[in-house]
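All of the numbers you see were taken from the coordinates with simple rules; none came from a lab. Here the structure is a predicted model, which means the values were calculated and not measured. Cβ coordinates were reconstructed from backbone atoms using ideal geometry, including for glycine residues, and neighbour counts include every protein chain displayed.
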Amino acid sequence: MNKRSDTWFLVSAGVLFGLFLLNIFVGKAALIFDMEPILTIGDVGEFLILLAAIICFVIGVLHLETQQSDMKTKSANNSEEDI
């Protein structure tokens, strides 16, 4: 994979997690100020947003780890060829 897709997964994970946190803070502020919440996603919606954020984060990290292990393997193979 290229670096662009790896950053896309990590950015989307950050955006989804930010949306999850925004929903929680808006709900908490509505409770404190005794107002009606502006944004209501619901329990299932919160779960799905958090699940999507976790999946995107894991995919992004796994792609980064495979790239790093590929670079280590290539450098090890190059050093063996030099001997």
Checklist outcome for this item: In Å, the Kirkwood hydrodynamic radius from C-alpha pairs for the range 34-78 sits at 13.6
Checklist outcome for this item: Toy charge model, Lys and Arg Cβ at +1, Asp and Glu Cβ at -1: the chain dipole around Cα centroid in debye, rounded to 20, equals 160
Checklist outcome for this item: Note on the chain: contact order normalised by length, alpha-carbon pairs under 8 Å, 6 or more apart, percent, works out to 45
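Where does each of I55, I38 land when they are ranked from fewest to most other beta-carbon atoms within 10 angstrom? Present the calculation step by step, with values, prior to reporting the outcome.
Numbers: I55 14, I38 10.
Fewest-to-most Cβ neighbours within 10 Å comes out as I38, I55.
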Checklist entry - So how tilted is helix 3-32 from the main axis of the chain? Cα-based, degrees 0 to 90, rounded to 10. => result 20
Next on the checklist: With unit charges on the beta carbons (Lys and Arg positive, Asp and Glu negative) and the dipole taken about the Cα centre of the range 3-71, which residue among L64, F33, I49 sits farthest to the positive side?
Outcome noted: L64
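Report, as a whole number in µm² per second, the diffusion coefficient that Stokes-Einstein gives for the chain at 10 °C and 1.306 mPa s using the Kirkwood radius over alpha carbon pairs. Write out the running numbers ahead of the final one.
Working: Rh = 15.4 Å.
After rounding, the answer is 103 µm²/s.
Take the Cβ-Cβ distance between F25 and L62 as r, set R0 to 25 Å, and report the resulting FRET efficiency rounded to the nearest 0.05.
Numbers: r = 30 Å, r/R0 = 1.20.
Between F25 and L62 the formula returns 0.25.
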